[in-house]
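Structure first, then comments.
The values are calculated or read from the model by the stated rules, or taken from the named source; none is laboratory data. Since the structure is predicted, the reported quantities are computational estimates derived from the model, not experimental observations. Using ideal geometry, Cβ is built from the backbone for each residue, glycine included, and neighbour counts are taken over all protein chains shown. Areas reflect the complete protein model, heavy atoms only, side chains present, ligands, DNA and RNA absent. Shrake-Rupley method; radii C 1.70, N 1.55, O 1.52, S 1.80 Å.
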Amino acid sequence: MGLFDLFGSKEEREQNQLRKLAKKLTERYGPPENRQKVIEQLGEMATPGALGTLCLRFTVRAEPGITDDEEKETARGILVAAGQEALGPVEAFIREQESGIAWGLRVLAQVAPPEKVVETVVKELARLSRSYTRDPEKKLVLLTWLAEHAGPEADAGLEAALLPLLEDFSDDVRIGAARVLSGRAPSEPARDALIQLLLRDRDNARVRGEVLETLARLGADVKGHRPSVEALLVEPFYLDREGRVKKRG
């Protein structure tokens, strides 16, 4: 034990200990019993710092897969059992980390009301939409969660977070944002943004098909853009007399 450990403050000693435990916890090729011991130790500590460190187990994939899943389930169970004490650490994990976010959302959904989870996801998507990220994985996880769990009454900031993602460099992110929008009441800004995406990606069959599907689900019209949109229509999509995108069958 060094002088730092002997004479540092209680908080400094805990932070030093947590750094060491985090290193062992995320050692994917180390003996499983080492990681499992750390998981138990962090659960017993139960401080916000310990719970936040425990979340780091979600960021690595260890072999064999069955052991990895068991360890993550154990970590998830400890966090859920901590209840409200885990709320802040899990929110910070979702905000600060790029991988393992789906596990964090599973925990958050069990310790917070649905509207709080939506608020957390929307805030993070809004932040991500304002900055370049090379790997779209985190955006896709958040968008998938919203598509599966957020209803039409979801957070008012949801649309504002989604519209910039319709211009994301990733096809999958643009498609994911369109899918979430398809489950909401249509608005003029969303309609305009979707039409602009359709026109920009006219040569991208995947994106074009998804946008047409979204416009059809929303019952949106294409006023002001009818000739341009009509030229891009493929079966089973068509425009009715009012210029609304419809789908046969």
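Can you confirm whether the range 70-89 contains a residue that is under 16 Å from the mean Cα position of the chain (by Cα), in a helix (DSSP H, G or I) and free of Cβ contacts under 8 Å to residues at least 12 places away in the same chain?
Going through the range 70-89, the residues under 16 Å from the mean Cα position of the chain (by Cα) turn out to be none.
There is no residue in the range 70-89 that is under 16 Å from the mean Cα position of the chain (by Cα), in a helix (DSSP H, G or I) and free of Cβ contacts under 8 Å to residues at least 12 places away in the same chain.
Pairing residues of the range 115-136 that are in contact (Cβ under 8 Å) with a residue 40 or more places away in the chain with residues that are of a type in the set (A, V, I, L, M), at Cβ distances under 6 Å and at least 6 apart in sequence or on separate chains, gives Val118/Ala150; Val118/Ala154; Leu125/Leu142; Leu125/Ala161. Against the conditions (1) assigned to a loop (DSSP other than H, G, I, E, B); (2) modelled with pLDDT of 95 or more, Ala154 satisfies every one except (2). Here the condition is being of a type in the set (D, E, K, R), in a helix (DSSP H, G or I) and open to solvent by 30 Å² or more (accessible area, probe 1.4 Å); of Arg184, Arg208, Arg202, it holds for Arg208 alone. Taking the range 211-241 as the range and being in a helix (DSSP H, G or I), of a type outside the set (D, E, K, R) and open to solvent by 30 Å² or more (accessible area, probe 1.4 Å) as the test, the residues that pass are Pro227, Ser228. Across the range 187-197, which residue is surrounded by the most Cβ atoms within 10 Å (Cβ to Cβ) among those that are closer than 23 Å to Ala231 by Cβ and under 24 Å from the mean Cα position of the chain (by Cα)? Out of the qualifying residues, it is Leu194.
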